[in-house]
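Peer 1: The following block contains the structure, expressed as structure tokens.
Derivation of every value follows stated rules applied to the coordinates shown; laboratory data play no part. What you see is a predicted model; the values in this text were computed from it and never measured. Heads up, the Cβs are rebuilt from the backbone with ideal geometry, glycines too, and the neighbour counts pull from every protein chain shown.
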Amino acid sequence: MNNKNNTEKKYALITGAAKRIGASITENLHTNGFDVGIHFNSSSKDAENLCNRLNALRKNSAKIFQGNITKSEGINLLYKEFFKWSGKIDLLVNNASSFYPTPLGEINDENWDDLIGTNLKGPLFLCQAAHNDLKKQQGSIINLIDIYIKSPPKDHSVYIAAKAGLEIVTRSLARDLAPDVRVNGISPGAILWPEKNMDNKTKEGILNTIPLKRKGSPQDIADCILFLVKTSNYITGQIISIDGGKSI
């Protein structure tokens with residue numbers, strides 16, 4: 001972000017911001033001076049609780065926005081409502097994501113539309129909605145990708161296709177929007193275990209493939225985003241892996 005007036009209030013829109021990694025990203029940006037738009041689809045209670053906590057720290061510095069980012073009309077309405085509140089945008093973080101297996105033979109239109117929608121269409125169309133306003137602020141876009149696009153897990157072909165597409169979109173938009181907007185991606189490794197139960201043997205097996213022999217934390221992702229946004233004005237079109245060395 002290259003804003004000439006560093007004392008001017010900064011606004012960020014974070015998708016999938018209600019919980020897990022998204023909430024950590026949102027809190028870290030807020031702590032570092034951003035007013036934040038907290039997008040959610042179905043996690044309304046988590047979004048409200050986060051928003052209330054942040055507004056208790058700094059009045060009127062956070063607002064929630066509901067939206068289905070698999071649909072063009074939902075994406076456009078989300079951005080319209082955010083901009084009505086903020087009047088500008090300095091940072092867009094595309095974090096929202098659906099993740100589940102789609103074994104070959106069981107793939108259908110519904111899970112295709114959901115996985116491609118949340119992981120590829122939504123981010124791209126939201127970038128499209130925001131790009132002119134981001135140019136005015138010399139802003140930034142950060143897309144959350146996945147290290148596993150290089151070594152796909154079994155039965156996740158649709159999810160991996162979407163995230164691989166988002167990596168290419170990130171590089172493409174970095175060229176399309178330069179020199180006014182910087183676009184980068186972050187590929188997390190093992191940061192949080194899935195919300196559905198995972199047995200200890202599986203967890204141990206994953207950790208054994210990581211050179212650092214441990215999982216990361218949401219704060220690792222949040223700190224990298226802050227680095228890309230505030231102190232790295234010469235970085236664009238890059239995908240940074242935060243994976244404990246897994247991708248070596």
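Peer 1: Between Lys163, Lys154, Lys215, which gets the highest mean-square fluctuation from a Gaussian network model of the chain, Cα cutoff 10 Å?
Peer 2: Lys154
Peer 1: For segment 10-242, what relative contact order do you get, as a whole percent, if you take Cα pairs closer than 8 Å and at least 6 residues apart?
Peer 2: Taking the mean separation of contacting Cα pairs over the length of segment 10-242, I get 20 percent.
Peer 1: Taking DSSP loops as anything outside H, G, I, E and B, show the longest stretch in the chain free of GluC sites (Glu not before Pro) there with at most 12 other beta carbons within 10 Å.
Peer 2: Value returned for the longest uninterrupted segment is 9-105.
Peer 1: Here's a follow-up. Using only Cα atoms, what Kirkwood radius does segment 49-108 have, in angstroms?
Peer 2: Every distinct Cα pair counted, the radius reaches 14.3 Å.
Peer 1: For the residues Lys19, Lys88, Lys213, what sequence is obtained by ranking on other C-beta atoms within 10 Å, fewest first?
Peer 2: With the fewest neighbours first, Lys19, Lys88, Lys213 line up as Lys213, Lys88, Lys19.
Peer 1: Taking the alpha carbon gyration tensor of the chain, what are the square roots of 5 times its eigenvalues, largest first, to the nearest whole Å?
Peer 2: Listed largest to smallest, the semi-axes of the chain are 28, 20, 19 Å.
Peer 1: Given the options Trp85, Trp112, Trp193, which has the most mean-square fluctuation in a GNM of the chain, springs set between C-alpha atoms less than 10 angstrom apart?
Peer 2: Trp193
Peer 1: Additional query: Report the net charge of residues surrounding Lys71, where surrounding means a beta-carbon distance below 12 angstrom and charges are Lys +1, Arg +1, Asp -1, Glu -1.
Peer 2: -2
Peer 1: Continuing with this model, one more query. Using 7 Å Cα-to-Cβ label points, what is the Glu48/Ser247 separation (nm, one decimal)?
Peer 2: The answer from the label model is 3.8 nm.
Peer 1: May I pose another question? Counting Lys and Arg as +1 and Asp and Glu as -1, each charge on the Cβ, what is the dipole of segment 10-242 about the Cα centre in debye, to the nearest 20?
Peer 2: So the magnitude is around 700 debye.
Peer 1: For segment 10-88, what ratio Rg/Rh do Cα atoms give with a Kirkwood hydrodynamic radius?
Peer 2: Computed over Cα atoms, the ratio is 0.94.
Peer 1: Leaving out same-chain residues fewer than 8 places away, which lysines sit with a Cα under 24 Å from that of Lys163?
Peer 2: Cα-Cα hits under 24 Å: Lys19, Lys71, Lys121, Lys150, Lys154, Lys196, Lys203, Lys215, Lys246.
Peer 1: Just the Cα atoms of segment 167-231, one point each, no solvent: what log10 I(q)/I(0) does Debye give at q = 0.21, 0.26 Å⁻¹?
Peer 2: -0.92, -1.10
Peer 1: What does the helix-only formula give at 222 nm for the chain: each DSSP H stretch with n ≥ 4 adding -39500 (n - 2.57), the total divided by the residues, and the result rounded to the nearest 500 deg cm²/dmol?
Peer 2: The helix-only estimate for the chain comes to -14000 deg cm²/dmol at 222 nm.
Peer 1: Right, here's the next one. Compute a Gaussian network model of the chain, connecting alpha carbons closer than 10 Å, and tell me which residue from Ser140, Ser157, Ser24 fluctuates the most.
Peer 2: Ser157
Peer 1: Here is a follow-up. Only counting other Cβ atoms within 10 Å, I'd like His39, His131 sorted with the fewest neighbours first.
Peer 2: Ranking His39, His131 by Cβ neighbours within 10 Å, fewest first, gives His131, His39.
Peer 1: Another question, if that's okay. Can you give the local net charge around Lys203? Use residues other than it whose beta-carbon is closer than 15 angstrom to its beta-carbon, Lys and Arg +1, Asp and Glu -1.
Peer 2: +3
Peer 1: Give the residue from Ala17, Thr209, Thr31 lying farthest towards the positive end of the charge dipole for the chain; charges sit on Cβ (+1 for Lys and Arg, -1 for Asp and Glu) and the dipole is referred to the Cα centre.
Peer 2: The one lying farthest along the dipole's positive direction is Thr31.
Peer 1: Give me the three principal axis extents of segment 1-141 from the C-alpha atoms, as integers in angstrom, largest value leading.
Peer 2: Result, largest extent first: 55, 31, 21 Å.
Peer 1: Run the simple label-point estimate for Gln238 and Asn108 please: 7 Å along Cα→C-beta, distance reported in nm.
Peer 2: The answer from the label model is 4.4 nm.
Peer 1: Another question about this same structure. What is the sum of charges around Ile89, taking Lys and Arg as +1, Asp and Glu as -1, for the other residues whose C-beta is under 15 Å from the C-beta of Ile89?
Peer 2: Charge balance near Ile89 sits at +3.
Peer 1: Under a straight-distance cross-link criterion of Cα-Cα below 19 Å, which lysines are reachable from Lys10, leaving out those fewer than 8 residues away in the same chain?
Peer 2: Lys59, Lys63, Lys80, Lys84, Lys88, Lys135, Lys136, Lys230
Peer 1: What nm value, rounded to one decimal, do you get for the distance between Lys71 and Asp176 when each label is placed 7 Å out toward the C-beta?
Peer 2: 2.4 nm
Peer 1: Taking neighbour counts of Cβ atoms within 10 Å as a proxy for exposure, in what order, fewest first, do Ile168, Ile225 appear?
Peer 2: With the fewest neighbours first, Ile168, Ile225 line up as Ile168, Ile225.
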